[in-house]
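Working notes for the structure below.
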Amino acid sequence: MILVTGGTGLVGSHLLYKLLQTNTSVRAIYRRAHKLELVKKVFSYYTADAEALYQKIEWIEADITDVPSLVVAFKNVDHVYHCAAFVSFEPDKYHQLRKINIEGTANVVNLCVSHRIKKLAYVSSIATIGHHQNPQELIVEDTNWNQEDDNSVYAITKYGAEIEVWRGTQEGVDAVIINPGIIIGPGFWNSGGSSSLIKKIYKGMPYYTHGVTGYVDVTDVVDALVLLMQSAIKNERFIVVSENLSFKKFQELTTSALGIKPASKEATPFILAIGWRLDWVSQMLTGKRRRLSKQMTKSAKSITKFDASKLINTLDFEFKPMATSIQETCQLFLEDLKKDS
Ligand SMILES: NC(=O)c1ccc[n+]([C@@H]2O[C@H](COP(=O)([O-])OP(=O)(O)OC[C@H]3O[C@@H](n4cnc5c(N)ncnc54)[C@H](OP(=O)(O)O)[C@@H]3O)[C@@H](O)[C@H]2O)c1
């Protein structure tokens, strides 16, 4: 039996579709029943018979921070894909991030140990890998994380989660970790996660930045996960990035695929510095969620380039070009928009 956590999320739902192509015993956990509809939606991008495929999943209501519910989900499980996480860059969400990402992962790892599962595949992030002083130097899996850096609350907790997975390997669990860049794929336009970037750009994002980071298509993320799970490779981590793009380039590819005008104004460091302070004041006055934190503005302008050669060479892996990924994702976004109007 395969167990997937985070099955109602972007990565988890596309992973479930992939797993169901070859596996009959797939179990997934969910927290909120209404999110299950999004899984069917994702399946419908791949097949006309989404409902029948969806019915093959054994769903169990469980929260990774609630051990008793998780214990039920682990019955007869031998392989675990841990995709559940709380993705937020808001500093005031730090405790919730710690609870879900670090404690939740510790719970998953503990149950992997006690149930002697064969292998754990964990979805981490490029946020947990260190940076070079020289921005042109490529970041690899061994680039040292510096805890003295001004790391985001998300990065700190994903790093803590990785430590839990490494601890599990010391306690006898075989594990692989993937470190994807920003994941592009359809289905979660309103989630606030990476899928919703397409919608935000569609609604109008007047500013661009020259900051560079890694991007990857969701199908490449799930392919890498499954290939690593099925391989003899254990206790290693892999950067999963198709291309390093500036945010300006990403926006240009997206606006072109959506048939709208590209952003015309640069968000200079000065504008960004004003922006996050105004956002902070607005949150204090209105109580609304932060949309721009200091760390978000930092990553918006920083240049970080990742090297995925380890994955490419180890698995003979071929990434989907980002222009294709963005084109396909935007096409599905526009089709959904038409259906919903
Ligand atoms: N998207 C990206 O650009 C990106 C990039 C690099 C790495 N990652 C990593 O990839 C993984 C998947 O991300 P994603 O984009 O698929 O995120 P997502 O769409 O936000 O999905 C997160 C999933 O985790 C579940 N979850 C959250 N808290 C939980 C809890 N306490 N107990 C059980 N389930 C819980 C969510 O359930 P609900 O549906 O109930 O909320 C959802 O199914 C995460 O580990 C993330 O850190 C994402």
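The values are calculated or read from the model by the stated rules, or taken from the named source; none is laboratory data. Predicted, not measured: the structure shown is a model, and the values here were computed from it. When we count neighbours, we look across all protein chains shown, and the Cβ atoms used for this are built from the backbone with ideal geometry, even at glycine. Just the protein is used for accessible areas: all its heavy atoms, side chains included, with ligands, DNA and RNA removed. Shrake-Rupley method; radii C 1.70, N 1.55, O 1.52, S 1.80 Å.
Looking at this structure, is Ser264 open to solvent by less than 50 Å² (accessible area, probe 1.4 Å), more than 26 Å from Phe43 (Cα to Cα) and more than 16 Å from the ligand (Cβ to nearest atom)?
No.
Anything in the range 20-65 that is aliphatic (A, V, I, L, M), assigned to a loop (DSSP other than H, G, I, E, B) and within 13 Å of the ligand (Cβ to nearest atom)? List them, or say none.
Selection gives Ala62, Ile64.
For the condition within 16 Å of the ligand (Cβ to nearest atom) and within 16 Å of Phe238 (Cβ to Cβ), what is the one hit in Leu120, Leu111?
Answer to the selection: Leu120.
Looking only at the range 161-180, which residues are open to solvent by 10 Å² or more (accessible area, probe 1.4 Å), out of contact with any Leu (no Cβ under 9 Å at 6 or more places or on another chain) and either part of a loop (DSSP other than H, G, I, E, B) or within 15 Å of the ligand (Cβ to nearest atom) (or both)?
Answer for the range 161-180, where residues must be open to solvent by 10 Å² or more (accessible area, probe 1.4 Å), out of contact with any Leu (no Cβ under 9 Å at 6 or more places or on another chain) and either part of a loop (DSSP other than H, G, I, E, B) or within 15 Å of the ligand (Cβ to nearest atom) (or both): Ile163, Glu164, Glu171, Gly172.
Can we say Lys99 is among the basic types (Lys, Arg), near the ligand (Cβ under 10 Å from one of its atoms), under 27 Å from Asn151 (Cβ atoms) and touching a residue at least 24 places away in the same chain (Cβ under 8 Å)?
Yes: the conditions hold for Lys99.
Is the range 191-198 home to any residue that is open to solvent by less than 10 Å² (accessible area, probe 1.4 Å), of a type outside the set (Phe, Trp, Tyr) and more than 16 Å from the ligand (Cβ to nearest atom)? Spell out the reasoning first.
Of the residues in the range 191-198, the ones open to solvent by less than 10 Å² (accessible area, probe 1.4 Å) are 195-196, 198.
Then keep just the ones that are of a type outside the set (Phe, Trp, Tyr); that gives 195-196, 198.
Checking the rest, the ones that are also more than 16 Å from the ligand (Cβ to nearest atom) come to none.
For the range 191-198, residues open to solvent by less than 10 Å² (accessible area, probe 1.4 Å), of a type outside the set (Phe, Trp, Tyr) and more than 16 Å from the ligand (Cβ to nearest atom): absent.
If I filter the range 99-133 down to residues being within 29 Å of Glu243 (Cα to Cα) and part of a loop (DSSP other than H, G, I, E, B), which single residue comes out as most open to solvent (accessible area, probe 1.4 Å)? Before the answer, list the steps.
Residues of the range 99-133 within 29 Å of Glu243 (Cα to Cα): 101-102, 105, 119-133.
So of that shortlist, the ones also part of a loop (DSSP other than H, G, I, E, B) come out as 124-125, 129-133.
Numbers: Ser124: 6, Ser125: 11, Ile129: 3, Gly130: 4, His131: 98, His132: 53, Gln133: 185 Å².
Among them, the one singled out is Gln133.
What number goes with the only condition from (1) at pLDDT below 95; (2) of a type outside the set (Val, Ile, Thr); (3) open to solvent by 30 Å² or more (accessible area, probe 1.4 Å) that Gly211 does not pass?
Status for Gly211: all satisfied but (3).
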